[in-house]
Amino acid sequence: MIKVHHLNNSRSQRVLWLLEELNEPYEVVRYQRDKLTMRAPDQLKRVHPLGKSPVIAAIHQLFPWLRHLFADSVHNGANLHAALTKFGH
């Protein structure tokens, strides 16, 4: 199953929307920004050193050719395109 590390008010909303549209099962780990600084919490920085979101765990399910490089990824437009290619109808 795909696990999405989601930070409120971030681009990760796009990934959640896409997975919903594709009816793909996924798990969400939610993080809240600091209300004063709007920065990511330290918990997210344990997942991604810069506190970026989304981080997609089990990324190799979407991109098998990345299996040997890394297990997690911060998405970009190419990742969304690959997800549509793999799961889209």
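Here, each number is a calculation from the coordinates, and none is a lab measurement. A quick note: this is a predicted structure, and the numbers were derived from the prediction, not measured. Note that we place each Cβ from the backbone using ideal geometry, even for glycine, and neighbour counts take in every protein chain shown.
Quick look at the numbers
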read-out	value
Eligible aspartates and glutamates near LYS3 by straight Cα distance, threshold 12 Å, same-chain separation 8 or greater	GLU24, GLU27, ASP72
Burial ordering of VAL29, VAL15, VAL4, fewest other beta-carbon atoms within 10 Å first	VAL29, VAL4, VAL15
Amide proton proximity set for ILE2, modelled H, under 5 Å, gap of 5+	GLU27
